[in-house]
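Colleague: Got a structure for you, written out below as structure tokens; questions coming shortly.
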Amino acid sequence: LKINQILFTMNLEIKQEGYGEIEFSDSIPDAVTKSVLNCGRVVVLSGHQCIGLFQQFQGDGFSAWYNKFLISAPTILNARGDVRVLELRIALRNIIKGKWDQINQAELPVNHFQMGFVPHIITKAIFEAPQLYETFDIHFEFSFLEKIGIDYKTLDRFMKLVYDNQPAELSKRPFKCTNFMLDSIYVLLQNSYTAAGKARLLHNNVTNILIAALEEVGKEEIDNLPLSIQDIDALHHVKELIETHCPVYPGNDVLIKKARNTLNAFKLSYGFKRLFGVSPYEYFQEQRFLMAKGLLREGNKVNSVAHELEYESSTAFIKAFRQRFHRTPKQFQKSGG
């Protein structure tokens, strides 16, 4: 189901087969109250034995939507709207089947993604079983992709269809999300940053999700893209900048600006991985955990280490440390590191 800003200007019509037009509201039913996040906008769809919860994360050049559908009986929703949508679609829980304009294979396996474009919305969303469905969709302005500087043949062919206003999908099949993509989504959904921190996190993570997706689809082509001596020199400088700023990640935009004016976001990502084996943010995390281990070995309290490393809480630090090393910081200290 494709929901974006047009929903709020009443240009989107959604009907439930057998029951007629669906109602939207800002009123949160008790059934989904615990699922509401601290984000920019929340809209509820209420139909017969179905509830849709749409939560928007608005950024500069994109709009991300975390969507939940609580379905109590097999349901079919049809949506129509006169709006163009360039979207990265990610399935997080259960498969929503159906059709998206002229794209007949619109359903995605769980934890898979596809990027597509339609010149107008004609969607049939089929929920075959009573259960919870979750998706994470990012709608992009064309300028957002152009600014990142992504350039390879598969993407060029896709964007030509987009500019010609023709329905298109980036690849012939869905691709599995990388762990990095999924981690980036859940960080957006679960963080407790300030408003300014959330805005920076949103921009960086959405950029990282998009680039990771496009790199996954174009892996073979991208492996052959050239890096100049100036690019390599700039990427080594980026590595030094990450080490210098740790435990704070400067953000991709800052790294690009300070990288001697030779990089864009795409080259920053694929070039850094080619040289150092990980993305810039993954390298930052490696450095941050090295600092954590050092501070823990020195006998610092877990709360103090979490504060020193700029985690929003000691709980967040403990969770991240356990996910990384399969033991808590206390267990790490007791074992002598």
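Every number here is computed from the coordinates shown, using simple stated rules; none is lab data. Because the structure is a prediction, the values reported are computed rather than measured. Reconstructed Cβ throughout: ideal geometry from the backbone, glycine too, with neighbour counts over all protein chains shown.
Colleague: With a Förster radius of 30 Å, plug the Cβ-Cβ distance of Asn165 and Ile95 into 1/(1 + (r/R0)^6) and report the FRET value to the nearest 0.05.
Modeller: 0.55
Colleague: Along Cα→Cβ, 7 Å out, is where each label goes; now give me the distance between the ones at Leu37 and Ser335 in nm to one decimal.
Modeller: Between Leu37 and Ser335, the simple spin-label model gives 3.2 nm.
Colleague: What ranking, highest mean first, results for peptides 261-271, 229-239 when packing means the other Cβ atoms within 10 Å averaged over each residue?
Modeller: Values: 261-271: 21.0, 229-239: 16.8.
Averaged packing, sorted descending, gives the order 261-271, 229-239.
Colleague: Still on this structure, I have one more. Taking R0 as 22 Å, what's the FRET efficiency between Asp26 and Ser313 from their Cβ-Cβ distance, rounded to 0.05?
Modeller: On the way: r = 30 Å, r/R0 = 1.34.
Step by step, r from the Cβ atoms, then E = 0.15.
Colleague: Something else now. Just how far, in whole angstrom, is the stretch 188-222 from the stretch 32-100 if you go by their alpha carbon centroids?
Modeller: 19
Colleague: According to the Cα gyration tensor, what semi-axes, each the square root of 5 times an eigenvalue, does the equivalent ellipsoid of the stretch 127-274 have, listed from largest to smallest in whole Å?
Modeller: On the way: eigenvalues 146, 104, 38 Å².
Equivalent ellipsoid of the stretch 127-274: 27, 23, 14 Å, largest first.
Colleague: In addition: From the P(r) of the stretch 268-337, could you give the percentage of C-alpha pairs in the tail past 15 Å?
Modeller: Working: 1299 of 2415 pairs.
Roughly 54 percent, rounded to a whole number.
Colleague: At q = 0.06, 0.09, 0.12, 0.13 Å⁻¹, what is the base-10 log of I(q)/I(0) for the chain according to the Debye formula with one equal point scatterer per Cα and no solvent? Please give it to two decimals.
Modeller: Those come out to -0.24, -0.54, -0.92, -1.05, one per q.
Colleague: Then there's this: About the Cα centre of the chain, how large is the charge dipole given +1 on each Lys and Arg Cβ and -1 on each Asp and Glu Cβ? Please answer in debye to the nearest 20.
Modeller: Details: 39 positive and 37 negative charges, 210 e Å.
So the magnitude is around 1000 debye.
Colleague: How big is the Cα convex hull of the stretch 1-148 in projection, averaged over all directions, in nm²?
Modeller: 8.5
Colleague: Give me Rg over Rh for the stretch 190-337, both radii from the alpha carbons and Rh done the Kirkwood way, two decimal places. Can you show the working numbers first?
Modeller: Working: Rg = 16.8 Å, Rh = 16.7 Å.
Over the Cα atoms of the stretch 190-337, Rg/Rh equals 1.01.
Colleague: Here is a follow-up. Going out from 0 in 5 Å bins, what whole percent of all Cα-Cα distances in the stretch 7-92 drops into each bin?
Modeller: 3, 12, 22, 26, 22, 12, 3, 0
Colleague: What's the Kirkwood radius of the stretch 261-305 in Å, using all Cα pairs?
Modeller: Details: mean 1/r = 0.0821 Å⁻¹.
One over the average 1/r among Cα pairs gives 12.2 Å for the stretch 261-305.
Colleague: Among the GluC sites (Glu not before Pro) in the stretch 131-182, which ones are in a DSSP loop with at most 11 other Cβ atoms within 10 Å of the Cβ? Mind listing them? Let's see the in-between values first.
Modeller: Numbers: sites: Glu134, Glu141, Glu146, Glu169; in loops: Glu141.
Loop-located and lightly packed - none at all.
Colleague: Rounded to the nearest 500, what is the 222 nm mean residue ellipticity of the chain from helices alone, with -39500 (n - 2.57) per DSSP H run of 4+ residues and division by all residues?
Modeller: Details: 12 runs with 135 residues, N = 337.
Result for the chain, helices only: -12000 deg cm²/dmol.
Colleague: Scattering from the C-alpha atoms of the stretch 71-197 alone, worked out with Debye: what is log10 I(q)/I(0) at q = 0.12, 0.17, 0.21, 0.22 1/Å?
Modeller: Log-scaled intensity ratios, in q order: -0.52, -1.01, -1.34, -1.40.
Colleague: Taking the Cα centre of the stretch 35-183 as the origin, how large is its charge dipole in debye, to the nearest 20, when only Lys and Arg (+1) and Asp and Glu (-1) carry charge on their Cβ atoms?
Modeller: Details: 16 positive and 15 negative charges, 71 e Å.
Result for the stretch 35-183 is approximately 340 debye, rounded to the nearest 20.
Colleague: Any idea what diffusion coefficient the stretch 226-277 gets from Stokes-Einstein, in µm²/s, Kirkwood Rh on alpha carbon pairs, 4 °C, 1.567 mPa s? Show your work: numbers first, answer last.
Modeller: Working: Rh = 10.8 Å.
Calculated translational D: 120 µm²/s.
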